[in-house]
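J.: Can you read through this structure? Questions will come right after.
The values are calculated or read from the model by the stated rules, or taken from the named source; none is laboratory data. Remember, predicted model here, so these are calculated numbers, not experimental data. Cβ placement follows ideal geometry from the backbone for every residue including glycine, while neighbour counts extend to all protein chains displayed. Areas reflect the complete protein model, heavy atoms only, side chains present, ligands, DNA and RNA absent. Shrake-Rupley method; radii C 1.70, N 1.55, O 1.52, S 1.80 Å.
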Amino acid sequence: MSEEDEDQAAGAPPKRPRAASPPPPPPPDQVLDNVLETVLQFLRAPGDRGAASLVCRSWHRAESATRASVAVRNILAASPARAARRFPNAHHILLKGRPRFADFNLLPPGWAASAFRPWAAALAAAAFPALRSLSLKRITVTDDDLDLLARSLPPSFRELSLLLCDGFSSRGLASLASHCRGLRVLDVVDCELNEEEDDEVSDWVAAFPRGHTDLESLSFECFTPQVPFAALEALVARSPRLRRLRVNQHVSLGQLRRLMALTPRLTHLGTGSFRPGDGAEDEGLDFGQMLTAFASAGRANSLVSLSGFRDLAPEYLPTIATVAANLTSMDLSYAPVNPDQVLLFIGQCRSLETLWVLDSVRDEGLQAVAMYCKKLQVLRVLPLDAHEDADELVSEVGLTAISEGCRDLRSILYFCQRMTNAAVITMSQNCPEMKVFRLCIMGRHRPDHVTGEPMDEGFGAIVRNCSKLTRLSTSGHLTDRAFEYIGNYGSSLRTLSVAFAGDSDLALQHILQGCSKLEKLEIRDCPFGDAGLLSGMHHFYNMRFVWMSGCSLTLQGCEEVARQLPRMVVELINSQPEIEKTDGVDILYMYRSLEGPREDVPPFVKIL
C-alpha cells in the first residue's frame, strides 16, 4: 500500500494537487496597446482619429488596427496597397473619383477611366478581408470590375452604393445580384449606365438568389431600361427586411401600390413614375385605392422619406398628405409642381428637415414651405430650365421668406435669375447657423437687380454672420471686395466655388491667404492668372485639390508650382481633345498625392 493509500485509510484528508503556476502577465506595452485600442474604438470623427495617429508609433499602430471606416476622397491620391497596409481591418470604404465640375461637362470623357481597376483587383485579392460596405462616387466602373468584385468579395460583404458613376450596365448588376448572396444594400443613384441600344438588357432583378433575401435597401431610380415587373414583385416579396425601395420611371402607380402592399416595414420610398400605366396592375385604379395604399400598414408613422415622381400625374399628388406628417425628407426634383399643388400637402409636412424642389414652385410655394416647415434644415431649389435666359420663377422674395420662416436652416442651394443684397443679408441674419450656402444666379455677372450694385455686400454678410460656414458657392456680379470679405471672415470655409467673378488676381490672393482651412477650391471663367495662383504656394499642401478652368493661367506659372511643390500632382487638361492648344492653360487640376503622378494618362492630359 502506498503512503497515500495509508493516509486515506487512516482518515487523513487527501492531498490537493499542486495548482498550476499562473501565466506570466503580458508585457506592459501590450497592456497599454490593448487599452488604447479599446479607447480608440469610441473615437469616430476622422479628424480626431488622424490627430491620434500622429501622437507616436504605438498610437499609430492602434489607430490603424481599429479604423473601421476609410475614405479616399481622391482615388488618384492613394493606392489600394497603401490603404490596405494602413487600415487592414477596414469595414467600410468610400472612394471618390472625378472632381465635382465634371458634372457640368467640363471634363472630357475618359479622364480617369481605369482608376478603379487597381482597387477592384486589390479588393478581389482580399486586401480588406473584413470589408462590409463599399461606396463609390464619380468613378468609372466597368462590368468586368463588378463581376470581379462579385465573385471575390469576402462573405462579410453587405453593402454596395454607386453614386454618379458610369461605365457599367445591367450585366454588371446581374453579376452582383447572383454572386453576393449576403447583400443587404444595392443602391445605384444618379449613375449613367452604359446600356447600348443593340445590347440585350440583363434581367438583373431576377438574378437575385431564390428564397428569402437579406435586402434592406434597393435603389435603381436612374436605371433607364424597363425592369420586368414580375421579377421585381417577386424579389420584393422575398425580401421581408426591405426598408428602402426606390424604383425607376417605368414602375407605374398601380405597380407601386402592389409593391407597397408587400413592404410593411418601408421607411424610404422612391415612387417611380407616380402615374397610372397601361398594364393590368393599373386597371380600375382610382384615387381612393392609392390613398388606402399610403394609409395602410401604419405608413403614416413609419415612412420618413419620399422621392421619385418622375412622370407625375398631379391628380394623385394629394394622396401623399396621408404620410406627410412623419416625413423628414422629400425630393420633388423631378416633379414640376406649381404653388397650388404644393399647398395640397405641404401644410402637413411639419417634421420636414430636407426638401428638394424645382423652381416651378415659385416664390408662393416657398412662402408656403416657410410657413409650415419650421424644422427645415436642408433646402435645394433646382432649375426647371437651366439656361441663362429662362423665365424667372423664384427670386429674392422666396429666399427672404425661407430665411424668416426656417430659422434652423443649415444648408441651401438656390437657383434663380435675379437676387438682391438685402435678401442675402437677411438670410445671414436669420440663419446664423448656416454651414452651406450655394447661391446660383444663372445669368452671368448680374448685379443686385434693385440697386444695380455688385453682390459684394450680400456675400460679405454671409461669411461675416455665419461663423460655421464650411461651403460657399458664389455667383452674380462680384468685385475683388467680395473676396476680401471672404478672406477676412471665411475662416471656417473648406470648400469654395467661384464662377464668372472677380476683377483681378487680388481676389484669388484674398482667398488663398485668408481662408486657412480651405481644402477644395473650384474656379471657372475668372480673370485670375499666375500671380493669383502663386500666392497660395504656402497653402497648397494642405488642400485636397485646386481646379481652375477658363482663367488666365500660363504654362510657365503652372510649371513654377510643379517645381516648387514636387508632392503636388499638376495636371493640365484640354477640355476639347479634338482641338490642339499650344498657348494658355485650358484646365488646371492640382491635387496632393501619396503616390506621385498616375500612369494611366490620356492624351489630352499633361502632367508637369
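J.: In the range 592-608, which residues are touching a residue at least 24 places away in the same chain (Cβ under 8 Å), open to solvent by 60 Å² or more (accessible area, probe 1.4 Å) and in a loop (DSSP other than H, G, I, E, B)? Steps first, please.
T.: In the first step, residues of the range 592-608 are kept if they are touching a residue at least 24 places away in the same chain (Cβ under 8 Å); the result is 592-598, 600, 602-608.
From the residues that got through so far, the ones that are open to solvent by 60 Å² or more (accessible area, probe 1.4 Å) too are 592, 594-595, 597, 603, 606.
Correct list: Leu594, Glu595, Pro597, Pro603.
J.: Take the conditions in contact (Cβ under 8 Å) with a residue 40 or more places away in the chain, surrounded by fewer than 17 Cβ atoms within 10 Å (Cβ to Cβ) and small (Gly, Ala, Ser) and apply them to Ser516. Does it pass?
T.: Taking the combined requirement at face value, the residue does not satisfy it.
J.: I need every pair where a residue in the range 125-140 that is more than 11 Å from Phe157 (Cα to Cα) has its Cβ under 6 Å from the Cβ of a residue that is aliphatic (A, V, I, L, M) and outside any loop (DSSP other than H, G, I, E, B), sequence separation at least 6 or different chains.
T.: Partner pairs satisfying both residue conditions: Ala127/Ala84; Ser135/Leu94; Leu136/Leu95; Leu136/Leu162; Lys137/Leu163.
J.: Take Ser491 and tell me if it is modelled with pLDDT under 95 and within 29 Å of the chain's Cα centre (by Cα). Outline the logic, then answer.
T.: On the way: modelled with pLDDT under 95: yes; within 29 Å of the chain's Cα centre (by Cα): yes.
When the stated conditions are applied, Ser491 passes them.
J.: Identify, please: which residue in the range 193-240 is closer than 17 Å to Val251 by Cβ and of a type in the set (Asp, Glu) and is, among those, nearest to the chain's Cα centre (by Cα)?
T.: Here the residue is Glu221.
J.: Something else: With the requirement that a residue be out of contact with any Gly (no Cβ under 7 Å at 6 or more places or on another chain) and basic (Lys, Arg), what does the range 414-469 give you?
T.: If the condition is that a residue be out of contact with any Gly (no Cβ under 7 Å at 6 or more places or on another chain) and basic (Lys, Arg), then Arg418, Lys435, Arg438, Arg444, Arg464, Lys468 are the ones that fit.
J.: Which residues, counting only those in the range 364-404, are open to solvent by 40 Å² or more (accessible area, probe 1.4 Å) and of a type in the set (D, E, K, R)?
T.: Glu364, Lys374, Lys375, Arg380, Asp385, Glu388, Asp389, Asp391, Glu392, Glu404 - these are the residues of the range 364-404 that are open to solvent by 40 Å² or more (accessible area, probe 1.4 Å) and of a type in the set (D, E, K, R).
J.: Filter the range 210-245 down to residues that are within 14 Å of Leu186 (Cα to Cα), open to solvent by less than 50 Å² (accessible area, probe 1.4 Å) and not hydrophobic (A, V, I, L, M, F, W, C), then give me how many there are.
T.: So the answer is 5.
J.: A further question follows. Checking Leu478 against (1) under 26 Å from the mean Cα position of the chain (by Cα); (2) buried (at least 18 other Cβ atoms within 10 Å of the Cβ): exactly one of these is not met. Which one?
T.: All conditions pass for Leu478, except number (1).
J.: Hey, another quick one. Output the residue which, of all residues in the range 485-507 that are aliphatic (A, V, I, L, M) and in contact with a Ser or Thr (Cβ under 7 Å, 6 or more places away or on another chain), is surrounded by the most Cβ atoms within 10 Å (Cβ to Cβ). Explain how you work it out, then say what you get.
T.: Pass one, the range 485-507, residues aliphatic (A, V, I, L, M): 486, 493, 496, 498-499, 501, 506-507.
With in contact with a Ser or Thr (Cβ under 7 Å, 6 or more places away or on another chain) added as a condition, the list becomes 493, 498-499, 501.
Numbers: Leu493: 23, Val498: 25, Ala499: 21, Ala501: 27.
Selected residue: Ala501.
J.: Let me ask something additional. Would you confirm whether or not the range 307-330 contains a residue that is within 21 Å of Asp359 (Cα to Cα) and among the acidic types (Asp, Glu)?
T.: Yes: the range 307-330 contains one or more residues that are within 21 Å of Asp359 (Cα to Cα) and among the acidic types (Asp, Glu).
J.: Can you confirm whether the range 563-581 contains a residue that is among the β-branched types (Val, Ile, Thr) and open to solvent by 70 Å² or more (accessible area, probe 1.4 Å)? I'd like the intermediate steps shown before the answer.
T.: Step one: filter the range 563-581 for residues among the β-branched types (Val, Ile, Thr), giving 569-570, 573, 579.
Checking which are open to solvent by 70 Å² or more (accessible area, probe 1.4 Å) leaves us with 579.
Within the range 563-581, one or more residues are among the β-branched types (Val, Ile, Thr) and open to solvent by 70 Å² or more (accessible area, probe 1.4 Å).
J.: The conditions are (1) of a type in the set (S, T, N, Q); (2) modelled with pLDDT under 95; (3) out of contact with any helix residue (DSSP H, G or I) (no Cβ under 9 Å at 6 or more places or on another chain), and Ser516 fails exactly one of them. Which is it?
T.: That leaves (3) as the condition not met.
J.: What pairs can you find where one residue is in the range 283-305 and within 16 Å of Ala321 (Cβ to Cβ), the other is open to solvent by 60 Å² or more (accessible area, probe 1.4 Å) and of a type in the set (S, T, N, Q), and their Cβ atoms are less than 7 Å apart, with a gap of 6+ or different chains?
T.: none
J.: Same structure, new question: Scanning the range 130-173 for residues that are polar (S, T, N, Q) and touching a Phe, Trp or Tyr at 6+ places or on another chain (Cβ under 7 Å), which turns out least open to solvent (accessible area, probe 1.4 Å)? Steps first, please.
T.: Start the filter on the range 130-173 by keeping residues that are polar (S, T, N, Q), which leaves 133, 135, 140, 142, 152, 156, 161, 169-170.
Going one step further and asking which of them are touching a Phe, Trp or Tyr at 6+ places or on another chain (Cβ under 7 Å), we end up with 140, 142, 170.
Details: Thr140: 27, Thr142: 37, Ser170: 1 Å².
Ranking the qualifying residues of the range 130-173, first place goes to Ser170.
J.: Could you count how many residues in the range 351-381 are aliphatic (A, V, I, L, M) and under 16 Å from Lys435 (Cβ atoms)? So that I can check it myself, show each step before the final result.
T.: To start, the set of residues in the range 351-381 that are aliphatic (A, V, I, L, M) comprises 352, 355, 357-358, 361, 366, 368-371, 376, 378-379, 381.
After this cut, where a residue has to be under 16 Å from Lys435 (Cβ atoms) as well, the list is 376, 378-379.
Qualifying residue count for the region: 3.
J.: Another one. Check whether at least one residue in the range 458-472 is closer than 22 Å to Asp359 by Cα, in contact with a helix residue (DSSP H, G or I) (Cβ under 9 Å, 6 or more places away or on another chain) and not hydrophobic (A, V, I, L, M, F, W, C), and report yes or no.
T.: Within the range 458-472, one or more residues are closer than 22 Å to Asp359 by Cα, in contact with a helix residue (DSSP H, G or I) (Cβ under 9 Å, 6 or more places away or on another chain) and not hydrophobic (A, V, I, L, M, F, W, C).
J.: When you scan the range 196-248, how many residues do you find that are assigned to a loop (DSSP other than H, G, I, E, B) and touching a residue at least 60 places away in the same chain (Cβ under 8 Å)?
T.: Total meeting the criteria: 2.
J.: Report the residue count in the range 562-577 for those that are out of contact with any strand residue (DSSP E or B) (no Cβ under 6 Å at 6 or more places or on another chain) and either under 23 Å from Arg100 (Cα atoms) or in contact (Cβ under 8 Å) with a residue 40 or more places away in the chain (or both).
T.: Initially, the range 562-577 is screened for residues out of contact with any strand residue (DSSP E or B) (no Cβ under 6 Å at 6 or more places or on another chain), giving 563-567, 574, 576-577.
Narrowing the set further to residues that are either under 23 Å from Arg100 (Cα atoms) or in contact (Cβ under 8 Å) with a residue 40 or more places away in the chain (or both) leaves 567, 574, 576-577.
Qualifying residue count, the range 562-577: 4.
J.: Would you pick out the residues in the range 416-467 that are open to solvent by 10 Å² or more (accessible area, probe 1.4 Å), small (Gly, Ala, Ser) and over 18 Å from Gly405 (Cα atoms)?
T.: Answer for the range 416-467, where residues must be open to solvent by 10 Å² or more (accessible area, probe 1.4 Å), small (Gly, Ala, Ser) and over 18 Å from Gly405 (Cα atoms): Gly452, Ser467.
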